[in-house]
Amino acid sequence: MNMIEQTIRDWKCSGEGTTRRVFVVTDMNVDRLVMPLFAEAAPSIAEAERIVISPGEDNKNIRTVESVWRRLMSAEATRNDLLVNVGGGMVSDLGGFAAATFKRGMPYANIACGCRRVGWGQDRREFRRSEECRGSVCHASRHGSLLRGLFHPVA
């Protein structure tokens, strides 16, 4: 069992009688390219309820945050549940902000991965993960990208 799967299982069992659920925020590209890899590697992530958002910095805004909140509310998420953000900086920022502000804050974790074009015009994809999780989360507004945000430590 890998570290991600063990961590999620341990977290789900630490609720002292409380059922803890896992929700995943990702974008359409990562959902298509990366999430299938979790089916075998981390079933707890693959089986979680997914909240799929549109990719790109243009979608890092309060409307997208509100759509994440609506999905969490319709699933009756609680502050005891876990939001796992799978994707790049936009997904981590937006998902972290949504978690930090949903019902006065719920735990979240970032699984950072990027997809980029490498080589001389070859369509090869490279997936990478980042060890850095500082807990700085935000969303963009029409006045700028980093005007609204907060520091909410990852779970």
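If Gln6 satisfies all but one of (1) surrounded by 14 or more Cβ atoms within 10 Å (Cβ to Cβ); (2) over 15 Å from Met106 (Cα atoms), what's the number of the condition it fails?
So Gln6 meets the others, but not (1).
Among the listed residues Asp58, Asp10, Asp31, identify the single one that is in contact with a strand residue (DSSP E or B) (Cβ under 7 Å, 6 or more places away or on another chain) and either of a type in the set (D, E, K, R) or assigned to a helix (DSSP H, G or I) (or both). I'd like the intermediate steps shown before the answer.
Working: Asp58 fails: in contact with a strand residue (DSSP E or B) (Cβ under 7 Å, 6 or more places away or on another chain); Asp10 fails: in contact with a strand residue (DSSP E or B) (Cβ under 7 Å, 6 or more places away or on another chain).
Asp31 is the lone residue from the list that is in contact with a strand residue (DSSP E or B) (Cβ under 7 Å, 6 or more places away or on another chain) and either of a type in the set (D, E, K, R) or assigned to a helix (DSSP H, G or I) (or both).
Looking at (1) open to solvent by less than 60 Å² (accessible area, probe 1.4 Å); (2) over 20 Å from Gly96 (Cα atoms), can you tell me which one Ser44 breaks?
(2)
Working carefully through the options Val84, Val25, Val52, Val30, find the one that is in contact (Cβ under 8 Å) with a residue 60 or more places away in the chain, over 21 Å from Lys12 (Cα atoms) and of a type in the set (Val, Ile, Thr). Before you say what the answer is, go through the steps one by one.
On the way: Val84 fails: over 21 Å from Lys12 (Cα atoms); Val25 fails: over 21 Å from Lys12 (Cα atoms); Val52 fails: in contact (Cβ under 8 Å) with a residue 60 or more places away in the chain.
Exactly one residue qualifies, and that residue is Val30.
Within region 81-103, can you find the residues that are open to solvent by 40 Å² or more (accessible area, probe 1.4 Å) and at pLDDT 90 or above? Before the answer, list the steps.
First, the residues of region 81-103 that are open to solvent by 40 Å² or more (accessible area, probe 1.4 Å): 89, 101, 103.
Thr101, Lys103 - these are the residues of region 81-103 that are open to solvent by 40 Å² or more (accessible area, probe 1.4 Å) and at pLDDT 90 or above.
Do you know which of the residues in region 13-29 that are hydrophobic (A, V, I, L, M, F, W, C) and open to solvent by 70 Å² or more (accessible area, probe 1.4 Å) is modelled with the lowest pLDDT?
Looking only at region 13-29, we keep the residues that are hydrophobic (A, V, I, L, M, F, W, C), and these are 13, 22-25, 28.
This time we only want the ones that are open to solvent by 70 Å² or more (accessible area, probe 1.4 Å), so: 13, 28.
Numbers: Cys13: 75, Met28: 95.
That would be Cys13.
Any residue at all in region 51-68 that is open to solvent by 70 Å² or more (accessible area, probe 1.4 Å) and within 14 Å of the chain's Cα centre (by Cα)?
No, every residue in region 51-68 fails to be open to solvent by 70 Å² or more (accessible area, probe 1.4 Å) and within 14 Å of the chain's Cα centre (by Cα).
The values are calculated or read from the model by the stated rules, or taken from the named source; none is laboratory data. Since we're looking at a predicted model, the values are computed, not measured. Ideal geometry is used to build each Cβ from the backbone, glycine not excepted, and the neighbour counts take in all protein chains shown. Just so you know, the surface numbers come from the protein's heavy atoms only, side chains and all, with ligands and any DNA or RNA stripped out. Shrake-Rupley method; radii C 1.70, N 1.55, O 1.52, S 1.80 Å.
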